[in-house]
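Report on the following structure.
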Amino acid sequence: MIEGVSGRRIILVDIAGTVLFVVVNVVMVIVMDWTRPIGVALDLVLFAIGCLAFLGSYGIAIGRSRTDEIGVASLYLLTNRVAPNPVRIRLLGAFAVQCVVAVTVASVRPFTTAAFAVLAPMFGLGLNGLWAARHGTFGARIRPAPASAPNATDDDTEMEQNASHG
């Protein structure tokens, strides 16, 4: 699949969870009888895993933000070349499939337990963040320019800048 890429397990878990989500929810929409508890349980489990991955990725990103410039879109939507193309395509593809299937399932069977499907894309979003926080490539942290004097405050700097204006 993706040889030599770090974070391969996260990608495989995301794809496996997406396949399971699609199969169970499509069967649930067609059969709707005995499959309801299975579909709801899977949707809630994927949502819970996604929430934990989201919070874990946020914690890791906070630690990395001391040295790396990390944006929310880069972290969870893999923008700004955070991930190599094969990784980005697989993770965002799985997330897109989860979103499309969730909305479709909830639209085909509104006001039923199929509506729980809209919770599942949190799984993909959380795993995107977890992969990016652990293995993503971010730019170096942008540091503000030092003040002119060692004990200068923002007001002092502003006054010095405006002094030549009369």
### Query
In whole percent, what relative contact order does the chain give with Cα contacts below 8 Å and a gap of six or more residues?
35
### Query
Considering every Cα-Cα pair within the chain, what fraction, in whole percent, is farther apart than 20 Å?
59
### Query
Where in the chain are the DSSP H helices whose C-alpha atoms run 30 Å or more along the long axis and whose mean Kyte hydropathy is at least -0.5?
8-31, 36-64, 85-108
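Every read-out reported here was derived from the displayed coordinates using simple, explicitly stated rules and does not represent laboratory data. Note that the coordinates shown come from a computational prediction; the quantities given were computed from them, not determined experimentally.
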